[in-house]
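Heads up: the structure comes next, in structure tokens.
The values are calculated or read from the model by the stated rules, or taken from the named source; none is laboratory data. Quick caveat, the model's predicted, so the values are computed rather than measured. Neighbour counts are summed over all protein chains in view; Cβ atoms, including those assigned to glycine, are modelled from backbone coordinates with ideal geometry. Only protein heavy atoms, including side chains, enter the accessible area calculation; ligands, DNA and RNA are left aside. Shrake-Rupley method; radii C 1.70, N 1.55, O 1.52, S 1.80 Å.
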Amino acid sequence: MTGQRPAIRSARPGDLARLGPVYEQAGFGGRLAKVVGFARARLDGEVVVAEAGAEIAGVAAGAVFGGTGWIGGVAVVPAHRRIGLGGALTEAIVEFLEGRGLATVLLHATALGRPVYERLGFVPETPYRTLSGPTLPRGPREAPVRAGQAADLEAVLALDLAATGEDRRRLLTALWPTGGLVATTDGRPLGYHLPSPWRTGGATIAADPGTGLALLDAVRAAAGDEVAISVPTGNTAAVEALEAAGFSEVYRTIRMYRGPRVPWDPAALFGAHNLFWG
């Protein structure tokens, strides 16, 4: 790569429509453009781009959840790599999030990106494994699992806060109950699943292993031959059940944080909504 270092700035509305090809060039799916657009529009977040002449050379985004923020969608096209652009884009989002007064910033890092984030003060925490495996034939759901309803939202929010330690009300309110599932005991919700609009899998959170595994079986009753689910390695019940069902690892990341550690419960997370905001 030759020429002047790309300039980093906040994305303009017209830039967002150009991000699909950027993510594809960087080796990610073009769907990430919609994810980062959602973060900016619905999660009080930001998107920054690196501009090289008339081209977008890189992108990064942030999302805001109460007192925490997430960084995701960091990508640099091949022609502009190895000049520190990924770190500079990440720093721009860190400045945005910390400028909003957020105490803790989190992200998921690949093995390649981890050294970059460690130099920026991020501390490695828990590995996540994305496992892919067979779906189940559609049929009657297990008794405790039913379709989510609008009236379940407050219970879902409470379950989510207890598991993640984060206030994800804005996210859940924006998407619930489309495609959602709730697992109950004596009518009381003990777990929920919320599919991602941009990928298979989705957030699956439960107060106990039995509830979580029942929800995972319901998630696997999906169209197609395979489903992908991202889980923290700290949830041994989920990992062992998925491997026993024929799932295998296709991707691995590590959750990292900068600032005070968030008090969360990996054993309650049976599926990440996505690898942008966990």
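Carbon and sulfur atoms: what percent of the 1.4 Å accessible area of the chain do they account for?
53 percent
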**OP:** Only Cα pairs under 8 Å and at least 6 apart count here; give the relative contact order of region 196-277 as a rounded whole percent.
**Re:** 53 percent
Subject >> Calculated FRET value between ALA223 and THR173, using beta carbons and R₀ = 35 Å, to 0.05 >> reply: 0.85
Original post:
Of VAL250, ALA158, GLY58, which is farthest along the charge dipole of the chain in the positive direction, counting Lys and Arg as +1 and Asp and Glu as -1 at C-beta?
Top reply: GLY58
Subject >> Computed helical MRE - 222 nm, the chain, DSSP H runs ≥ 4 contributing -39500 (n - 2.57), nearest 500 >> reply: -8500 deg cm²/dmol
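Can you give the relative contact order of the chain as a percent, counting alpha carbon pairs under 8 Å and 6+ residues apart? All intermediate terms of the calculation are to be shown ahead of the outcome.
Working: 594 pairs, mean separation 59.2, N = 278.
With pairs under 8 Å counted, the relative contact order is 21 percent.
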Original post:
Lys/Arg Cβ at +1, Asp/Glu Cβ at -1, dipole of the chain taken about the Cα centre: which of PRO78, LEU172, GLY99 is farthest positive-ward?
Top reply: PRO78
Original post:
Could you give the angle, 0 to 90 degrees to the nearest 10, between helix 153-164's Cα long axis and the longest principal axis of the Cα atoms of the chain?
Top reply: 70 degrees
**OP:** Return one whole number: the accessible area per residue of region 141-244 in Å², for a 1.4 Å probe.
**Re:** 42 Å²
